[in-house]
1. Using the beta-carbon distance between residue 206 and residue 60 and R0 = 30 Å, what value does 1/(1 + (r/R0)^6) give for FRET efficiency, to the nearest 0.05?
2. Give me 63, 86, 55, 71 ranked fewest to most by other Cβ atoms within 10 Å of their Cβ, as a rough exposure proxy.
3. Relative contact order (percent) for region 38-156, with alpha-carbon contacts under 8 angstrom and 6 or more residues of separation?
4. What is the fewest-to-most order of 31, 181, 24 by other Cβ atoms lying within 10 Å of their Cβ?
5. If you rank 28, 213 by fewest surrounding Cβ atoms within 10 Å, what's the result?
6. Starting from the 7 Å offset along Cα-to-Cβ, what nm value, one decimal, do you get for the label separation of residue 177 and residue 32?
7. Give the separation of the Cα centroids, region 20-51 to region 171-219, in Å.
Amino acid sequence: MNVRVSVWEALEAVFDAIVPLRARAARTKARSLENIPLIPSVHELLGTHITTLMDYKEPAVQDLIQSLKYDGSSYAAALAGGILADYLREEIASARSFSTRRMLIVPVPLHKSRARERGFNQIEIVVRALPLEFQNGTIATLSPHILTRARETRPQTKLHRSERLSNVAGAFACADEEHLRKTHIFLIDDVTTTGATLVNAAHPLRRAGAEVTLLALARA
């Protein structure tokens, strides 16, 4: 059992016993995978393809993403992890049929100051909720620390679209370039709007010799 997810579950159980669940958390906990509308689609930014699995305009998707981002919900993480696992299983199998590269799963990191403020990285708790075969090398290897956010950036949601690329330009760095050669990385974020964060996060990985597939749970 994943220790971090277990800690979140224990904390949530205590919190739920004391304080009524927020409306969005209650709605999310009443849903299963079958209740989340999936609309896989591919978008392009600066010649780079980004795949998104859901549409943030859907109320059930909004509840799911907000439960992750603002509540750190372990149930929402497990739900999102199930959605992600269903998609990745086929994609990784397809990639392996054409390549012998090692398959890595990497969440887009928060800057350390933002991580301290929030207490968690919402997309990291999702990838840590993936089935073990996506973490231990059977299907892929979870590698949450090979990409770092080298400088703090302003929240993308508060910026005009034209400012988002410059805001995150050069914001990411590789912690271990040698480890990335001849790998295929599935770089994953929770929500993308312009795609600027994912595109810039991929630059140091590609410079290190990795092939990179960009994914987001939802598009806003």
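No value in this document is a laboratory result; all are computed from the given coordinates. Just so you know, these numbers come straight off a predicted model, no measurement behind them. Cβ placement follows ideal geometry from the backbone for every residue including glycine, while neighbour counts extend to all protein chains displayed.
1. 0.30
2. Going from least to most buried by this count: 86, 55, 71, 63.
3. Working: 124 pairs, mean separation 28.0, N = 119.
Value for region 38-156: 24 percent.
4. Working: 31 15, 181 11, 24 19.
Ascending Cβ contact count within 10 Å gives the list 181, 31, 24.
5. Lowest count first: 213, 28.
6. Roughly 4.9 nm, to one decimal.
7. So the two Cα centres are separated by 20 Å.
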